[in-house]
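**Student:** Please find one structure pasted underneath; my questions will follow.
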Amino acid sequence: MSADADVEFAYGPIDVYVVEFEGDGLSPAVLDALLELSASGTVRVVDLVVVTRDADGAVQVTELRDDAAKALSGIGLDLEIEGLIGEDDIAESIANVSAGFGVAIAAIEMRWARTLASRLAGASGRVVRAERVSAPLVHELIETASITDSEGA
């Protein structure tokens, strides 16, 4: 591919989030947040699986594309790549989860990054490493820096 060639991607980068929670399902507030982000065009939820472990240790898997699609059909999420989250991903994510807890596994396309990904590819660039700094850590670092700045003033 020559540098600066026109490249248009249909999808941007996809992040997979595994979020542990207490109880037998996702909070409605979390689903609302996903809906808001999806409706605004910021992200596209391409696959979503909820896995819980009951008090007896039994594991329940709810994939939005199966029975959950009927139950949640009114939430407005149109999954684009159903099945992206596979059985191995599910098994790995629930392996160390205690009874009474569960995980939500969400594959989310970063729509805002699609143009950047296209332009990188068009310039023969490729991402060789990416890291995410969690929001709690960012806030902790900012707070620490603010304290340090105020002590030095």
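**Student:** Pull out all pairs, ordered by first then second residue, where Cβ-Cβ is under 6 Å, the residues are six or more apart or on different chains, the first lies in region 48-61 and is in a strand (DSSP E or B) and modelled with pLDDT under 95, and the second is loosely packed, with under 13 Cβ neighbours inside 10 Å and not small (Gly, Ala, Ser).
**Tutor:** So the pair list comes out empty.
**Student:** Now for a different question. When residues of region 102-126 are filtered for being part of a loop (DSSP other than H, G, I, E, B) and of a type in the set (S, T, N, Q), how many remain?
**Tutor:** Final tally of qualifying residues: 1.
**Student:** Could you give every pair whose Cβ atoms fall below 9 Å, whose first residue belongs to region 78-98 and is among the aliphatic types (A, V, I, L, M), and whose second residue is in a helix (DSSP H, G or I), counting only separations of at least 6 or pairs across chains?
**Tutor:** Leu79/Ala69; Ile85/Ser93
**Student:** Would you point out the residue of region 82-110, among those that are small (Gly, Ala, Ser) and surrounded by 14 or more Cβ atoms within 10 Å (Cβ to Cβ), that is farthest from the chain's Cα centre (by Cα)?
**Tutor:** Going through the qualifying residues, I end up with Gly102.
**Student:** Name, by its number, the condition in (1) out of contact with any strand residue (DSSP E or B) (no Cβ under 8 Å at 6 or more places or on another chain); (2) surrounded by fewer than 13 Cβ atoms within 10 Å (Cβ to Cβ) that does not hold for Ala113.
**Tutor:** Unmet for Ala113, out of (1) out of contact with any strand residue (DSSP E or B) (no Cβ under 8 Å at 6 or more places or on another chain); (2) surrounded by fewer than 13 Cβ atoms within 10 Å (Cβ to Cβ): (2).
The values are calculated or read from the model by the stated rules, or taken from the named source; none is laboratory data. Computed from a predicted model, the values in this text were never measured in an experiment. All Cβ positions, glycine included, derive from the backbone under ideal geometry; neighbour counts span all protein chains shown.
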